Amino acid sequence: MSATELPLIGDYSTPAAALSGARIGVVTFPGTLDDRDAARAIRMAGAEAVSLWHGDADLSNVDAVVIPGGFSYGDYLRAGAIARFAPMMSKIVDAANSDAKLPVLGICNGFQILTESHLLPGSMIKNDHLKFLCRDQVLRVENNTTAWSNQYAQGEEITIVLKNQDGQYVADEKTLDALEAEGRVAFSYVGWNPNGSRRNIAGITNAAGNVVGLMPHPEHAVEAGFGPDHTGTDGLGFFTSVLTHLVGGQK
Amino acid sequence: MDTVANAAVTPDTELPWAELGLKQNEFDEVVKVLGRRPTAAELAMYSVMWSEHCSYKSSKNHLRQFGDKVSEEMKKDMLVGIGENAGVTNLGDGWAVTFKIESHNSPTMIEPYQGAATGIGGIVRDIISMGARPVAVMDPLRFGAIDHPDTARVIHGAVAGIGGYGNSLGLPNIGGEMVFDSVYQGNPLVNALAVGVMRHEDIRLANASGKGNKVVLFGARTGGDGIGGASILSSESFDDTKPSKRPAVQVGDPFAEKVLIECCLELFKGSLVEGIQDLGAAGISCATSELASNGDGGMEVELTSVLLRDPTLTPGEILMSESQERMMAVVSPENIEAFEATMDKWAVEYSWLGEVTDTGRLIIKWDGEVIVDVDPRTVAHDGPLYDRPYARPEWQDALQADTFKSSEAGANLPSTGAELKAALVELMASPNMCDKSWITNQYDRYVGGNTALASPDDAGVIRVDEKTGMGVALATDANGRYTFLDPYHGAQLALAEAYRNVATSGAVPMAVSDCLNFGSPEDSDVMWQLAEAIRGLSDACLVLGVPVTGGNVSLYNQTGSTPIHPTPVVAMLGKFDDVDRRTPSGWRADADGQALYLLGT
Amino acid sequence: MPRIVVDVMPKPEILDPQGKAIVGALPRLGFTAFSQVRQGKRFELTVDGEVTEEILAQAREAAEKLLSNPVIEDVVNVEVVAD
Amino acid sequence: MPRIVVDVMPKPEILDPQGKAIVGALPRLGFTAFSQVRQGKRFELTVDGEVTEEILAQAREAAEKLLSNPVIEDVVNVEVVAD
Ligand SMILES: Nc1ncnc2c1ncn2[C@@H]1O[C@H](COP(=O)(O)OP(=O)(O)O)[C@@H](O)[C@H]1O
């Protein structure tokens, strides 16, 4: 045991064995910020959080992966542009596309990394108002059949946290039409579009439903007292969904 | 190269000490201390370290009261007091907390975005250098009139810079202030607070001890940033006619700082550093002289080993550079390998500069030749000290007599329902009472998952221990107008307000950090305001039983000869056994049917 | 030292929020001659030594792979400038 | 329609975190020819009609006043390009 109990980044030693036995990886890049939060959400859902370092090329036998928010490499070039080339990302891309269809959730910067990696279509540009915006955001669940949304009701409205500067989702019209036609818009903004995203898109899924990306942060809405309006826990469903999916109970 | 040997044989060389901000008596003192004229590099070091900003030469005599007026009760939880990078307070269960508030006023006026951003960066490095993990930031701000065109330039840049840097570090912003007043038109105040937590065994101090231990500089490369900034910033005035005196701005790289945070925590966890110091104003001059001065021996470094961003820098410039995102550490030989492995893991650049000696001297070489040979204490701690004259201003009585009650509006107070309503609406619409969410919405308050209260609540609350729910509350307050009217009581009111804000959130107030923003200490009116404010603050701390554990003094905040209102910003830290017990400032949607009480006088 | 300049612009069909903000601000400052503004990026890559065909090819590839995102941006220019 | 291109770069002595991040990433992708990278901005201002000397002067002034921050950036180029 080292001298201190202050956990380092990526140090989420689960106190007791996880209820589900599921192991969910959380990727840390230089500049990642929300990895501890993602790990906490995973633990609260009853799984074990496993730290995955961007520079490693070993998925450590995880059952699913969360790519959390932050500013990987400062996001100075384009959000997610440099992170995409990390050895860990190649592994994740391969596993997500393989027959095993590893469930992957990209949150905020994670979503941006997934689009830069071409696991999901489109891209993010600066918010239409050009400012960083942090707010409690209402979303509608547009597709409750993905690995990460099956615990929500179709059309359910949930409130989670939104916080970003480059959150405006863009894609060409053909892609947008296809996303809508195929039910691949997973989450949309309700009430007010906080960044000018095309067609109010907050999050999308790949055709197989195992890869989901969204700009808002479900991991910041899992614990009463520390989420939206001091009570919100609407984000927990993302993490219980993937557990349900893993034990074969997906809808 | 102006070596020490050269200086000894060329006593009559003209030196630009005045341009570097030194006074004749101060330069004479340097010559006396050294027994010869300083080299160019030594002159650079003394001039930045003896500046008001680094030496506290005008305020030190008064600041002593914070250390003198302390009861046993106030010392009980103080693990590290004033004098270190930041004070440390015991939270129990092996946890400790460190917090500090600092100003970045002038840099923000010059370049709002970068000035404010690097203000956050600097205060966060102070917290890291204590061995702590930073967990939150706050930003008390003051700008000129809301409808003045220059206010728009400064405010939007400053808010974006604070957000841009703090958000990128993953530190929730849990509170601050925003005040508009034309007295701050030419001199906005951007104060930044950071708070960090650590286990007791992780507390690190800035000292270089143990002969043979290695000195290493790591983080960003050294460039021409802010050269001369430290001394120029706190000397009399900016003089546009001498561009060489104008400080170069510093550009921040929050990504580099985020990496530095994680990298330092890994060093602390592995007990890989003996001492550590952040590099802020005065850069390597400050880090080497303070580490050596606080240690028990001396230090010898080779300056050509410093990794440069700009290869044309002179030794003096390297010593004065204020490049951001750098740290200096002392590492014992057996930890070198592990230290390097940590640097490589995080892709942080580093270079070994030299080692700790037992000579009691700070020796800096350039390509083997000695260019600095000084007693580090004379640079870092035994600088000039001034007992500046001060006196209650002649105009103070007239100012106090000029009350609202004696004015025409005061004689015709609103009395009808309609008049009262109009007055209320007018009051609510005044810029200083308006909703601040357009600012706070640009700050991430959720990151980390431990924010129990933030804007718009009176205090920010952060959970420290996820197992027990133990946590801290913080509030910052100041009132420049009250302090202008009566510096002694105005400073106390700021303290009382911060104390109340922390207490009403449900926390037990424990410790104070303060940022004293004042005009020129060479003006006896201003010096009186400063002396009175410190006296008031220290008296009130004794009464309330909360110690001042750190802070910052920012002087020369004035436009021409017109100073700002004296603005002592007080930050209060309180403790929760369980943040679940926090009380928000407003009632929640589910509070229907609860009673409202008005307490107090 | 020679440098290779790479210019990247947002695709014409992608709305450019920064350009839009600038085009809104220009007339307020009295600059009325411009009907549209787009903001892109300019990269300067320094080469130690001579810029060979192979190095230029590296720059072109880096421009396509890293410096731009083809979904939203076009590489509009890659050229050598001497100092 | 003719456009005026304005190129703005961070001042050489000022830290460029963007460029620093890129120069760190390039070798990992096999691009080893570049010793330094700086990232600046490229603006394209569209002019309806002919670019007169007066309009070009407007562009130069806008470049100094709005498009660049003279404290940390230099306008390195203002030129007309035809389509
Ligand atoms: N610059 C700022 N940065 C962060 N939070 C701020 C800032 N200005 C105001 N706030 C927050 O907004 C809320 C309202 O501020 P204020 O109106 O000053 O409160 P009060 O009047 O109750 O002291 C508080 O939670 C305060 O911490």
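The values are calculated or read from the model by the stated rules, or taken from the named source; none is laboratory data. Small disclaimer: the values here were computed from a predicted structure and weren't measured. Cβ coordinates were reconstructed from backbone atoms using ideal geometry, including for glycine residues, and neighbour counts include every protein chain displayed. Just so you know, the surface numbers come from the protein's heavy atoms only, side chains and all, with ligands and any DNA or RNA stripped out. Shrake-Rupley method; radii C 1.70, N 1.55, O 1.52, S 1.80 Å.
Just name the residue that is farthest from B:Met433 (Cα to Cα) out of those in region B:165-176 that are among the polar types (S, T, N, Q) and more than 10 Å from the ligand (Cβ to nearest atom).
Per the criteria, the residue is B:Ser168.
Quickly run through region B:211-248 and pick out the residues that are away from chain D (no Cβ under 14 Å), part of a loop (DSSP other than H, G, I, E, B) and at pLDDT 85 or above.
B:Lys211, B:Gly212, B:Asn213
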Of the candidates C:Val71, C:Val78, C:Val47, the one satisfying the condition of being farther than 19 Å from D:Glu61 by Cα, more than 8 Å from every other protein chain (Cβ to nearest Cβ) and in contact with a helix residue (DSSP H, G or I) (Cβ under 9 Å, 6 or more places away or on another chain) is C:Val78
Over region B:497-508, the set of residues within 11 Å of the ligand (Cβ to nearest atom) and open to solvent by 10 Å² or more (accessible area, probe 1.4 Å) is B:Glu497, B:Arg500, B:Asn501, B:Thr504
Filtering region B:566-597 for residues that are within 16 Å of the ligand (Cβ to nearest atom) and surrounded by fewer than 12 Cβ atoms within 10 Å (Cβ to Cβ) leaves a count of 3
Note on region D:10-25: residues surrounded by fewer than 23 Cβ atoms within 10 Å (Cβ to Cβ), among the aliphatic types (A, V, I, L, M) and touching a strand residue (DSSP E or B) at 6+ places or on another chain (Cβ under 7 Å) are D:Val23
Considering region B:1-33, residues that are free of Cβ contacts under 8 Å to residues at least 24 places away in the same chain and part of a helix (DSSP H, G or I), and then whichever is farthest from B:Ile364 (Cα to Cα), we arrive at B:Gln24
Just one listed residue, out of B:Pro376, B:Pro393, B:Pro389, is modelled with pLDDT under 95 and either among the charged types (D, E, K, R) or more than 16 Å from the ligand (Cβ to nearest atom) (or both), and it is B:Pro376
Looking at the structure I just gave you, is B:Ser520 touching a strand residue (DSSP E or B) at 6+ places or on another chain (Cβ under 7 Å), of a type in the set (Gly, Ala, Ser) and in a strand (DSSP E or B)? no
Picking from B:Asp539, B:Asp580, B:Asp590, the residue that is in a helix (DSSP H, G or I), out of contact with any strand residue (DSSP E or B) (no Cβ under 9 Å at 6 or more places or on another chain) and within 14 Å of another protein chain (Cβ to nearest Cβ) would be B:Asp590
Near the ligand (Cβ under 10 Å from one of its atoms) and part of a helix (DSSP H, G or I), is that true of B:Val179?
-> no
**Report entry** Test: residue in region B:203-210 that is away from the ligand (no atom under 16 Å from the Cβ), within 14 Å of another protein chain (Cβ to nearest Cβ) and either hydrophobic (A, V, I, L, M, F, W, C) or more than 28 Å from A:Leu133 (Cβ to Cβ) (or both)
**Finding:** yes
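Let's see how each residue does on (1) within 13 Å of chain B (Cβ to nearest Cβ); (2) open to solvent by 30 Å² or more (accessible area, probe 1.4 Å):
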site	(1), (2)
A:Leu52	no, no
A:Ala57	no, yes
A:Leu77	yes, no
A:Met89	no, no
A:Leu105	no, no
A:Gly110	no, no
A:Glu116	no, no
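Residues checked against (1) open to solvent by 40 Å² or more (accessible area, probe 1.4 Å); (2) more than 10 Å from chain A (Cβ to nearest Cβ); (3) in a strand (DSSP E or B):
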{"position": "B:Pro414", "(1), (2), (3)": "yes, yes, no"}
{"position": "B:Val425", "(1), (2), (3)": "yes, yes, no"}
{"position": "B:Gln442", "(1), (2), (3)": "no, no, no"}
{"position": "B:Arg445", "(1), (2), (3)": "yes, no, no"}
* Would you say A:Pro87 is in contact with a helix residue (DSSP H, G or I) (Cβ under 6 Å, 6 or more places away or on another chain) and more than 24 Å from C:Lys41 (Cβ to Cβ)? -> no
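Condition test on A:Pro194, is it in contact (Cβ under 8 Å) with a residue 24 or more places away in the chain and within 11 Å of another protein chain (Cβ to nearest Cβ)?
yes
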Subset of region D:50-63, residues within 11 Å of chain C (Cβ to nearest Cβ) and without any contact (Cβ under 8 Å) to a residue 40 or more places away in the chain, comes to D:Thr52, D:Glu54, D:Ala57, D:Gln58, D:Arg60, D:Glu61
task = Return yes or no: is B:Ser182 touching a residue at least 24 places away in the same chain (Cβ under 8 Å) and open to solvent by 20 Å² or more (accessible area, probe 1.4 Å)?
result = yes
Quick count over region A:232-251, residues being at pLDDT below 95 and either in contact with a helix residue (DSSP H, G or I) (Cβ under 8 Å, 6 or more places away or on another chain) or among the basic types (Lys, Arg) (or both), is 2
Scanning region B:427-440 residue by residue, the ones that are outside any helix (DSSP H, G or I), within 10 Å of the ligand (Cβ to nearest atom) and open to solvent by less than 70 Å² (accessible area, probe 1.4 Å) total 3
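Quick one: in region C:36-83, which of the residues that are of a type in the set (Lys, Arg) and part of a helix (DSSP H, G or I) is least open to solvent (accessible area, probe 1.4 Å)?
Among them, the one singled out is C:Lys65.
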Pairing a residue in region B:160-172 that is more than 8 Å from chain A (Cβ to nearest Cβ) with any residue that is away from the ligand (no atom under 12 Å from the Cβ) and among the hydrophobic types (A, V, I, L, M, F, W, C), where Cβ atoms lie under 6 Å and the two sit 6 or more apart in sequence or on different chains, gives B:Gly161/B:Ala117; B:Tyr165/B:Ala117; B:Pro172/B:Val447
Reported set for region B:182-202 where residues are hydrophobic (A, V, I, L, M, F, W, C), away from the ligand (no atom under 16 Å from the Cβ) and over 20 Å from B:Ala473 (Cβ atoms) is B:Val183
